Amino acid sequence: MTITQRIECHIPLNRVEGDLELRVAVEGGRIVESWSSGTMYRGFERMLVGRAPLDSLVITPRICGICTITHLTAAVQALDQIFGVVPPSNAVRMRNLALMIETIQSDIRQSLLMFLVDLSTSVGMGHAWHAEAQVRYQALRGIRCIAAVKETKRLLEIIALLGGQWPHTSFMVPGGVVYAPPVVDFQKAVLLLRQFRNWYEQTVLGCGCARWLELASVGDLEAWLAESASHRQGDVGFLLRAGRDLGLDRLGIGSGNFLSYGALPIPVDSGLFGSGGQLVGAGFVAGLGQTVGFEEQKIAEHVACSWYADYPGGLHPMIGITEPVASGAEGKKYSWVKAPRYAGLVAETGPVAERVVMQDPLFMDLARRDQGVSALTRQLARLVRPAYLFGAAEQWLHELIRHQAESFYLSVESVSQGEGVGLTQAARGALGHWVKVENGQIAHYQIITPTAWNGSPRDEHGMRGAWEQALLGTPLADPDADDPVLAGMVVRSFDPCLVCSVHVVDGGGRRTLRP
């Protein structure tokens, strides 16, 4: 009988947003099992209970310093429902623009400062592109990294013009926004966006956005790469060339299910068209099939492997329970992250899920070629997402200039009770806030973040979370000797956000032999 060595260990993972610990089992030089643990409990949902409803607009943007606008967006949408108000078109434009700018800067920073940095490390040694990767992406020194910081910092000035500051602005309120900027501020925003778009097209994309949006198949993508040296030398082209060389197009295949809540509602007097009245469509896709309509009632959270008080099955977040329990004797529990499921299924969310839900022909073709969404395709979707947003952002800015004299806010009456749901697409995917107000105070608040979907532990049926599944098959010959960069790249392709600090776990672990 052949004895196969099974090694269980922790692997270090930095350059993620928050406290993340990974435990993996390795056999035959590949990961055969994985457990993802969010290691910090913060308790924002419990903090909000008993407070005035408008307090959520100040507190929830501080959940994260990266996706602050997205939490504000979800919170104010829930309050719009509770207060029974539909914001005027100008307020919708301003809310949308702030969310789009935050998303674009996050996509660029994550791609150039967190993901592509790996290409400059030991994983690239021996490859023809490694020296170039070091010049471009070496941490704190790479010319692309430095440029990304400078350019995104300038881009964020648009949010300052619209909302006064970034991060942690609270300029959205039930009924609209608190401030109607003068035309000159919108004109400044147009200039800032145009400057950033020019840099993005020349440096990151290597072509105009219109050219990229013409691509509808893998064949088109190959032709685009061969078409021009600028295409190959842009960060998108470099990602494709180096990522294929490393085999990232064969790693990181997840659950095969994709979820988008939809985002960026289109104002009634706008000239834009979208999917279901939103620029980013909502829906669910199982097994790379056709998109089916999104039904909020099908969401439920499980806690069988999470450090919370047990309840049977999964609970919809409007009746969900967040009761922390971590005595150290919970057995199979291993994460502060709950396990959200859609119609009982694990679902991946994020920029690639948006493209799949919207049946984008290029990304559907890539996914079908790779027999699932790979780490490379997932990261590609993030790096090119700005190309799909610039046009709408520019149009809404020009519409704000034309309609500046119109309303930005509708007054609301105070309410003593009600329920509301705020659903949007954050940079990392589907974000939801579920709120109940009773006797003029918040009685219930539940939040499901994109990382809860992607980084969930197992549920009561033993189904792995999205990146727990995606890690399976990743090469890791010797966890003690190897730098587990590929495993890190698989997880980072989901852009983890476990909140506001980096947690590195030492590589200690236990070893067992299994026949």
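Since every read-out is calculated from the coordinates, none of them should be taken as a lab result. Because the structure is a prediction, the values reported are computed rather than measured. Quick reminder, even Gly has a Cβ in these numbers, built from the backbone with ideal geometry, and neighbours come from all protein chains shown.
Ignoring lysines fewer than eight residues from K338 along the same chain, the ones with Cα atoms less than 23 angstrom from its Cα are K298, K436. Paramagnetic label reach from K153 (point 7 Å along Cα→Cβ; backbone nitrogen cut-off under 11 Å): within the range 113-147, residues 146-147. Under 24 Å Cα-Cα from K153, which lysines qualify once same-chain neighbours fewer than 8 residues away are excluded? Answer for K153, where 24 Å is the Cα cut-off: K188, listed by chain and number.
If R₀ is 45 angstrom, what is the calculated FRET efficiency for the pair D245 and F273, using the beta carbon separation as r and rounding to 0.05?
Working: r = 39 Å, r/R0 = 0.88.
Here the calculated transfer efficiency is 0.70.
The HN-Hα couplings worked out from phi for the range 229-236 by the Karplus form 6.51 cos²θ - 1.76 cosθ + 1.60 (θ = phi - 60°) are 4, 5, 5, 6, 8, x, 5, 5 Hz, whole numbers, x standing for Gly and Pro.
Near D220: Cβ cut-off under 14 Å, other residues only, Lys/Arg at +1 and Asp/Glu at -1. The net charge is -3. Around I159, under 13 Å between beta carbons, what's the net of Lys plus Arg minus Asp minus Glu among the other residues? That sum, taken over residues with Cβ under 13 Å, equals +1. The separation of the range 30-85 from the range 109-156, counted between C-alpha centres, amounts to 31 Å. Ranked by the mean number of other Cβ atoms within 10 Å of their residues, highest first, the peptides 175-186, 421-432, 82-93 fall in the order 421-432, 82-93, 175-186.
Relative contact order of the range 328-467: what whole-number percent is it, with Cα pairs under 8 angstrom and at least 6 residues apart? Don't skip to the answer; put the middle values down first.
Values: 159 pairs, mean separation 42.4, N = 140.
Across the range 328-467, relative contact order equals 30 percent.
Between Q165 and S230, what FRET efficiency comes out of the Förster formula 1/(1 + (r/R0)^6) with R0 = 35 Å and r the beta carbon distance, rounded to 0.05? Efficiency for this residue pair is about 0.45.
When only C-alpha pairs under 8 Å and at least 6 residues apart count, what is the relative contact order of the range 429-472, in percent? Could the numbers behind the result be given before it?
Numbers: 48 pairs, mean separation 12.1, N = 44.
Computed over the range 429-472, the figure is 28 percent.
Using a simple spin-label model with pseudo-atoms 7 Å out from Cα toward Cβ, K188 and E438 lie 4.6 nm apart. Extension gain, V412 to R141, is 92.5 nm, computed as 0.36 nm per intervening residue step minus the present C-alpha separation.
For the range 353-421 and the range 196-250, what is the separation of their Cα centres, given in Å? Taking the Cα centre of the range 196-250 as reference, the centre of the range 353-421 is 21 Å away.
Treating cross-link reach as a plain straight distance, find the aspartates and glutamates whose alpha-carbon is under 20 Å from the alpha-carbon of K333, omitting any fewer than eight places away in the same chain. Result set, ordered by chain and number: E8, D19, E21, E33, E301, D310, E323, D459, E460, E468. Dividing the summed helix terms, -39500 (n - 2.57) for each DSSP H run of n ≥ 4, by the number of residues in the chain produces a 222 nm estimate of -10500 deg cm²/dmol to the nearest 500.
Other residues with beta-carbon under 9 Å from the beta-carbon of T39 carry, at +1 per Lys or Arg and -1 per Asp or Glu, a net charge of -2.
Between K298 and A223, the simple spin-label model (points 7 angstrom out along Cα→Cβ) gives 3.6 nm.
Quickly rank 221-227, 375-381, 304-310, 194-200 as a protection proxy: mean count of other C-beta atoms within 10 Å, highest first.
Details: 221-227: 14.4, 375-381: 26.7, 304-310: 20.6, 194-200: 18.0.
Going from most to least packed, we get 375-381, 304-310, 194-200, 221-227.
3J(HN,Hα) couplings calculated from phi for the range 187-195 with the Karplus curve 6.51 cos²θ - 1.76 cosθ + 1.60 (θ = phi - 60°) are, in sequence order, 5, 4, 5, 4, 5, 4, 5, 5, 4 Hz; Gly and Pro show x.
Relative contact order of the chain, taken over Cα pairs closer than 8 Å and 6 or more residues apart, is 29 percent. Overall dimensions of the range 254-406, expressed as equivalent-ellipsoid semi-axes from the Cα gyration tensor (√(5λ), whole Å, largest first), are 34, 21, 14.
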